[in-house]
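Peer 1: Pasting a structure here, questions to come.
The values are calculated or read from the model by the stated rules, or taken from the named source; none is laboratory data. Everything numeric here is computed off the predicted structure, so don't read it as measured data. Glycine also receives a Cβ, built like all others from the backbone with ideal geometry; neighbour counts cover every protein chain displayed. Areas reflect the complete protein model, heavy atoms only, side chains present, ligands, DNA and RNA absent. Shrake-Rupley method; radii C 1.70, N 1.55, O 1.52, S 1.80 Å.
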Amino acid sequence: MAVGDIAPNATFTLINGTKINLYNFHGKYVLLYFIVTWCETCAEGLHILSQIIPTLASKNITVIVVESYNDLGYQGIPLNEFIKSYANSNITFYYGYATLAMTKEYNPNGYLDIYYLLSPSGKIIYIAVVLL
């Protein structure tokens, strides 16, 4: 995937168990953030996002934070504890778990944290990877 491509559809599971489809967010700007719960840069990234909620809201950006499938094979803390610790229990974001297929599609290189900014039409307009 690259900037300018249409983001592939994917289904993921919210922390409350609800399955949700990425295409449900068409018509909105979406910041799709893949994390793992054992990663310090992911923790800092989530903390920073939770601090700029008014800015994100003013730009009508919906934030979706998904844990890469199976925490990329390493044991981390449960996602709800991660949220409580680093996002001040912020509930204005969507939090969930990526399927294996979604992780392979959006994070094929197994980055610890990777961001996609999607346009209302579903086009990828920005990609950022945090490299250690």
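Peer 1: Ignoring the sites themselves, what is the longest stretch of the chain with no trypsin sites (Lys or Arg not before Pro) in a DSSP loop and at most 14 other beta-carbon atoms within 10 Å?
Peer 2: 60-132
Peer 1: Could you identify which residue out of Ile15, Ile64, Ile35 has the top mean-square fluctuation in a GNM of the chain using Cα springs shorter than 10 Å?
Peer 2: Ile15
Peer 1: Between rounded, prolate and oblate, where does segment 90-132 land on the alpha carbon gyration tensor, with a ≥ b ≥ c its root eigenvalues, rounded for a/c under 1.5, else prolate if a/b exceeds b/c?
Peer 2: Cα axes put segment 90-132 in the rounded bin.
Peer 1: Moving to a separate point now. Subtracting the Cα-Cα distance from 0.36 nm times the residue separation, let me have the gained length for Thr55 to Ile127 in nm, one decimal.
Peer 2: Full-extension gain reported as 24.0 nm.
Peer 1: Any idea which of Ile64, Gly76, Gly27 is furthest toward the positive side of the dipole for segment 24-132, if Lys and Arg beta-carbons carry +1 and Asp and Glu beta-carbons -1?
Peer 2: The residue sitting most towards the positive pole is Gly27.
Peer 1: Rounded to the nearest whole Å², what accessible area per residue is found for the chain with the 1.4 Å probe?
Peer 2: Per-residue accessible area for the chain comes out at 53 Å².
Peer 1: Given the -39500 (n - 2.57) contribution per DSSP H run of 4+ residues, what per-residue ellipticity at 222 nm results for the chain, rounded to the nearest 500 deg cm²/dmol?
Peer 2: Value at 222 nm, helices only, nearest 500: -7000 deg cm²/dmol.
Peer 1: What FRET efficiency do you get for Ser119 and Asn88 if R0 is 25 Å and r is their Cβ-Cβ distance, rounded to the nearest 0.05?
Peer 2: Here the calculated transfer efficiency is 0.30.
Peer 1: Follow-up question, since we're still on this one. In sequence order, what are the phi-derived ³J(HN,Hα) couplings for segment 48-57 according to the Karplus relation 6.51 cos²θ - 1.76 cosθ + 1.60 with θ = phi - 60°, rounded to whole Hz, with x for glycine and proline?
Peer 2: Going residue by residue, I get 5, 4, 5, 7, 10, 3, x, 5, 4, 5 Hz, with x marking Gly and Pro.
Peer 1: Per residue of segment 100-108, what does 6.51 cos²θ - 1.76 cosθ + 1.60 with θ = phi - 60° give for ³J(HN,Hα)? Whole Hz please, x for Gly and Pro, Karplus curve as stated.
Peer 2: 4, 4, 5, 5, 5, 6, 9, 9, x
Peer 1: Another one. With the Cα gyration tensor of the chain giving a ≥ b ≥ c as the square roots of its eigenvalues, does the rule (a/c under 1.5 for rounded; else a/b larger than b/c for prolate; else oblate) give rounded, prolate or oblate?
Peer 2: In terms of gyration-tensor shape, rounded.
Peer 1: Further question: Would you work out what percent of the accessible area of the chain, with all protein chains in place, is carbon or sulfur (probe 1.4 Å)?
Peer 2: Using a 1.4 Å probe with all protein chains present, the chain comes out at 55 percent carbon and sulfur.
Peer 1: Going by amide H atoms built from the backbone, whose H comes under 5 Å of the H on Asp113, apart from near neighbours?
Peer 2: It is Val130, by chain and number.
Peer 1: What do you get for chymotrypsin sites (Phe, Trp or Tyr not before Pro) in segment 51-132 restricted to DSSP loop and a cutoff of at most 13 other Cβ within 10 Å of the site's Cβ?
Peer 2: Qualifying residues, ordered by number: Tyr74.
Peer 1: Step through the residues of segment 35-44 one at a time and calculate ³J(HN,Hα) from phi using the Karplus curve (6.51 cos²θ - 1.76 cosθ + 1.60, θ = phi - 60°), rounding each to whole Hz and writing x for Gly and Pro.
Peer 2: Values per residue, Gly and Pro as x: 9, 10, 7, 10, 9, 5, 5, 5, 4, 5 Hz.
Peer 1: Can you list the lysines whose alpha carbon is less than 26 Å from that of Lys104, not counting same-chain residues fewer than 8 positions off?
Peer 2: Within the straight-line cut-off, Lys104 pairs with Lys19, Lys28, Lys123.
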